[in-house]
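The structure appears below as structure tokens.
The values are calculated or read from the model by the stated rules, or taken from the named source; none is laboratory data. What you see is a predicted model, and the numbers here were worked out from it, not measured in a lab. When we count neighbours, we look across all protein chains shown, and the Cβ atoms used for this are built from the backbone with ideal geometry, even at glycine.
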Amino acid sequence: MDIGRILKGCTCHRLWYTHFMKAYPIPNEKTSLYEYTKEELRSWLLAHDDKAAHAEAIYEGLYRLRVRSTDEIPGIPLRLKEKLAPFLLPRPAIATRRVSKDGTIKYLFRFLDGQAVEGVLLHYEHGHILCVSTQKGCRMGCDFCASSRLPYAGNLSADEIVGQLLAVEEKENVSIRNLVYMGIGEPLDNADEVKRSLQIFTDQHGPGIGARHISVSTCGVVPGILRMAEENWPCRLAVSLHHVDDQKRSQSMPVNRKWNLSALMQACKTYTEKTGTIILFEYALIPGVNDRPADATRLIALVKDIPCRINLIGLNPLQQGGPGTDEEAATRFRAQLQQAGLFASKRKALGQDIDGACGQLRGQFIQEETK
Ligand code: SF4
């Protein structure tokens, strides 16, 4: 019996869930089988007098065959199916789905605890990219971000992060091979669960997404960057830079008051040295604020010792409370970086007609819930 499936869509699911958990206590502190990395599953199997090797078949059943009940996992003995029976295979419900004229699809995922986060499926020439959320809100307070104006309701667990991919793949009948952790939340403020979700996403018996096709984006949480470097997380690092002087950055992104540009750049340098990979710097162009030639000159100086790529982002109007990015200034800015030998690309602002900015859908959801 897949109770997660039965509960999905039910308006009083929380009551049912509580009732079920009292009636059928599970043999472990974790309730969702998606919460386990393969190594954790191997340990669980050994602790429950079973063969660790079954973890591979379980993973293939969950992530390749996408079974909706532990009963359906092939290649494992009946006695193990019985042990696994109390586990849930929950996936977030897609409460809202909006399709943009440019093909971008925005989702509002709703979890069993009633909380909601956003995800975005982008279509680029080389395939689909799914942007996932990592927290139910965000504590970082960036002034250009709709998410920072909404209540913070805690971290997503690894299975809630992974569930966003499973839900979208099932809904759209697509295989997603590229992921960005750029939705609601600061991934390095939820580092343990983000790391575990990366281990699941990249597992060769699981979704099997290549580490080079996953980017974790931070607003500049320096200890988290150093941890990523130390533990060699299976992903690439993206840093939301956006400003090149401490005063402006601290005003716009409070994280900079704790770890300023000098500390951030030092951590980025350490990261590239330890991992041998480059960093992607995200730079949202705000007209008259950070898109002038002098800003480009400062940016060039700031990243000169760091192997990197610069991704210039065109802003949606809400993200900066005024008109969108000035395209002429953006072209000039990019050319200046390129002349200095930097690799700079410009990303179009997608999904502008569907409340594409991070947090807008969740904001509407919270408003409706509290009416
Ligand atoms: S931009 Fe990212 S880190 Fe900043 S408040 Fe929004 S979700 Fe949080």
> Which number in (1) surrounded by 24 or more Cβ atoms within 10 Å (Cβ to Cβ); (2) within 16 Å of the ligand (Cβ to nearest atom); (3) among the small types (Gly, Ala, Ser); (4) assigned to a helix (DSSP H, G or I) marks the one condition that Gly183 misses?
Replying inline: (4)
> Can you tell me which residues in segment 104-150 are away from the ligand (no atom under 13 Å from the Cβ) and in a loop (DSSP other than H, G, I, E, B)?
Replying inline: Thr104, Phe111, Leu112, Asp113, Gly114, Gln115, Glu125, His126
> Is it the case that Leu112 is among the hydrophobic types (A, V, I, L, M, F, W, C) and surrounded by fewer than 23 Cβ atoms within 10 Å (Cβ to Cβ)?
Replying inline: yes
> So Glu172 fits all but one of (1) closer than 17 Å to Val120 by Cβ; (2) crowded, with 18+ Cβ neighbours inside 10 Å; what number is the exception?
Replying inline: (2)
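Can you spot a residue in segment 116-125 that is surrounded by fewer than 21 Cβ atoms within 10 Å (Cβ to Cβ) and over 17 Å from the mean Cα position of the chain (by Cα)? Steps first, answer last, please.
If we filter segment 116-125 for residues that are surrounded by fewer than 21 Cβ atoms within 10 Å (Cβ to Cβ), which is where we start, we get 123-125.
If we keep only those that are over 17 Å from the mean Cα position of the chain (by Cα) too, we end up with 124-125.
There is at least one residue in segment 116-125 that is surrounded by fewer than 21 Cβ atoms within 10 Å (Cβ to Cβ) and over 17 Å from the mean Cα position of the chain (by Cα).
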>> Which count do you get for residues in segment 186-212 that are within 16 Å of the ligand (Cβ to nearest atom) and hydrophobic (A, V, I, L, M, F, W, C)?
In response: 3
>> Testing Ile76 on (1) at pLDDT 95 or above; (2) part of a strand (DSSP E or B); (3) away from the ligand (no atom under 16 Å from the Cβ), one condition comes back false. Which one is that?
In response: (2)
> Since Gly163 meets every condition but one in (1) within 30 Å of Ala263 (Cβ to Cβ); (2) modelled with pLDDT of 95 or more, which condition does it not meet?
Replying inline: (1)
